[in-house]
Structure formats: C-alpha cells, structure tokens
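The values are calculated or read from the model by the stated rules, or taken from the named source; none is laboratory data. Since the model is a prediction, treat every value here as computed from it, not as a measurement. Here the Cβ positions follow ideal geometry from the backbone for every residue, glycine too, while neighbour counts run over all protein chains shown.
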Amino acid sequence: MAAVATPARPPLLIAPALPYPPPEVRAAPRDGAGVVLRAVLRGGPLARTALARATGLSPAAVSRHTAELIGLGLLRELPPVAGPPRAGRPQMPVEVDPAHHAACGVHIAVDMMTFTLVDLRGAVLAEERIRHRRSAGDVLGRIRSYLPGFLARRSRHRSVLGLGVVTGGWVDSERGTVVEHSLLGWRNVPVRQVLSAATRLPVHVDGHARALARAELLFGAGSGSAELVQLFVGNVVDAAIATGGGVLRGRSSGAGDIAHLPLGVPGPPCACGRSGCLQATVSEHTLGRRAFAEGLIERPDFALLLERALDGHPAALRMFRERLRMVGRAAALLLDVLNPELLVVAEAAVVHLPDLMADLHEEVAAHSHLCADPEHVVVPTSFGEQVLAVSAGAVVLDAVHRRPMELRTAGSA
Ligand SMILES: [Zn+2]
C-alpha cells in the first residue's frame, strides 16, 4: 500500500481581518490559490490535471498553488488512484483538509444566540445556544464571556480562522457594524470593533441571508451557480442576491431588505405605519401570537406552534401552509425581478415539514410570470436545522476560500 505523505503540522492560521467581504463589484485580482481551493471544494478529490482543466490555470500554476495550500493545511493529498501504469509520477488527488482548521461563528437571533464551529467544508463541528436580553451591551458582553470556554471545550486543537457574527436586519459588512436591527432595538452597533479587541480574532460581520447565500454558493445547492436568491424567514424576513458568484451588498449595505415588501393582501399593522408588509405578516413572532389568540397554544411561542404542526394538528398545519403561500408570493416577485438560477428558502416549514413545499411551489407557479418550473428553482436550504450555525461560520469560510494566501500565522503582526 502506498504511503501518503503527511505534511508537517501546519501553522496556526487566522483569516485576514480587512477588508471583508471582498468588494466583488469592484475589480479584484484573481486569486489563483483561491480558485484552486474552491474548485477542490466543489469537485474534489481532484488530480492536478483535472484541476488545471477545471480552473483554466496552467499545470505549473496548479502545482504551485496546490503545494501552498497543502503547506497551509487547507488541502491534503490522497493515495494515487489505482489504474493502468502510465508514464511519469503517479497522480495524487487532493481534497479539502477538514482536520486542522475551523471557523467560529455566532448567530444572533431575537432571543437566542448560537455559537458554532464549522470545518472548511461547512460541516458543523459544534453548536451551543444561549439566551440573551437583546441589548447590544448584553449580547456583546455574553459573546465575550462565553466564547473562550466554548472554544476551549470544542475546538479540539484546531486553529480558529476567525469569528463570524451574523444577524438579521441591516448589517454593514465592510464596517462590521449592525446599522439597524429594529427587533433587537440596535442602531449603529460596532460589532467588529468591540469583538476584535476582546477576542483578538479577525471578526467578520454580515447579514444572515447574505451569509447563507455565500454558504449555498460554497458548499450547498448553489455550488457552481452564478445567480442565486436566498430568502430567510424567521422573526426577521430578509433576502440576499448573488450574481457572478458574489453577493450583492448595495450602496449602503442594505441590499436584500424585503421586510416591508407589500404583499397586496390585508395583513397585520407593521411598525412602519402600513399594513400587510411581508415581515409583519409572516414572521415567527406574528405566527406565534396568532396561534395563541386562536387558542392553539398556551403561550405565544412559535416553537410550540411548530411542535403542534409536527404532531399533525390540522389548524397548526394550516397556519404553516398559509404562511408558505405568502412566502410564495414574495418569492414569485423576486424570481420575476431577478430571474435567478435558484431561489433558496430558509424557513421552519421547509426544514421540518417538507411535504408543505408543494404549497410554496403552487403559489410561485400562480404568481410568477417567468418561473415555469418552481419545483426545480425554488429549493429548501441545504443546511436543515443547522442553518443558523452554518450561516455564522460561512462568513469566515468565504474569506478563507476566496483568499487563502492572505491567511496569516497566528501571533504574527
Ligand atoms: Zn412595514
């Protein structure tokens, strides 16, 4: 049996702190190592000849970048593929090495936050949830105090490439601030500044829909796609738009704000002063309150409503189906405006009650002028119950997979 060359233990690495995310809309130099790493992530294990074909890089460039990535512990070689003897050295395929590094993430929801560790392929290694009291001081303070113990318990000697912090609402990823999150009551919270100083990790801050779009492009349903729309329906409802393999931020980092999209049907009053806005109509908070008012659950708690639906309670199931119909109308509008290859939905029913996808598809078919095959275009999130955990890690992984050579050794200036 052929021995596999074992590289020396790779150095501890951390991801580049600034700028993040790369300004895709501006011209950026092509990072050959990143192109190779993403090709292996998408199609690996791959031999170097196949990598040259997949990337359009020269065999010499592929060999150089592959050696660099193996040296950083990002790729590893596999034993040569058995086959007829051929001239030259045997081909050693390479694959992404998930053993040495991890991305840490924190997803901030309205009442809970999720701490996570994710490997280079997007697999969730650890996930822990704690409650918080919504104020920025409380949330950031809890992250500071909880993170060291979480990493000590869960990182298992992996080097942590950075901390991703994601949440809903309006997030300026370039400055690393949450500009506005009305449900948390946050305005202009300098998340990266506070947490960089406290953790000494590179901190990447983004909206959770944009983070999920990046995850779908890297290792989910959108792998290999150029255009994708990510729809997120929780307490916050928002979207992200990926084009040309990058995710649109917009002039003021506000792209994808669909909370106040008018559905054109009577709906509950919204904080904006109108009624029938998408978020106010379909949010988990709204559904929980409605179910409580209708006597379906003993307190206004969305998780209880989901439990009822999973038990097959007809009225609970009806509420989820009605919600998916409303989501379908919003999806149809986005499909007509943007005409993406895929529209990915992260929502409780599509994760936990997949039979209900038919309602979503029917509503899209009834309202979209362009999308004739919603069952192929409108798909559930690739990450199931781990959707929050993956979104938080994905902002770090996106930086690593795009520009791996900007990783720097931990402790170096
Ligand atoms: Zn509104």
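None of Leu41, Leu78 is of a type outside the set (S, T, N, Q) and in contact with a His (Cβ under 9 Å, 6 or more places away or on another chain) except Leu41. Summed over the stretch 51-84, the residues that are touching a residue at least 40 places away in the same chain (Cβ under 8 Å), in contact with a helix residue (DSSP H, G or I) (Cβ under 8 Å, 6 or more places away or on another chain) and not in a loop (DSSP other than H, G, I, E, B) give a count of 5. The residues in the stretch 152-179 that are under 13 Å from Cys104 (Cα atoms) and surrounded by 20 or more Cβ atoms within 10 Å (Cβ to Cβ) can be counted, and the count is 8. Inside the stretch 261-270, can you point out the residues that are within 9 Å of the ligand (Cβ to nearest atom) and either crowded, with 16+ Cβ neighbours inside 10 Å or at pLDDT below 90 (or both)? Residues satisfying the conditions are Leu261, Cys270. Scanning the stretch 158-177 for residues that are touching a residue at least 40 places away in the same chain (Cβ under 8 Å) and not in a loop (DSSP other than H, G, I, E, B) gives Ser159, Val160, Leu161, Gly162, Leu163, Gly164, Val165, Val166, Thr167, Trp170, Val171, Asp172.
Wholly within the stretch 303-413, which helices (runs of 4 or more DSSP H) include no fewer than the required count, namely at least 2 residues that are surrounded by fewer than 22 Cβ atoms within 10 Å (Cβ to Cβ)?
314-338, 348-352, 357-367, 374-377
Specify which of the listed residues (Arg187, Arg142) is out of contact with any Cys (no Cβ under 9 Å at 6 or more places or on another chain) and surrounded by 16 or more Cβ atoms within 10 Å (Cβ to Cβ).
Matching residue, one of Arg187, Arg142: Arg142.
Please go through the stretch 115-142 and pick out each residue that is within 21 Å of His157 (Cα to Cα) and hydroxyl-bearing (Ser, Thr, Tyr). Residue satisfying the conditions is Thr116 alone.
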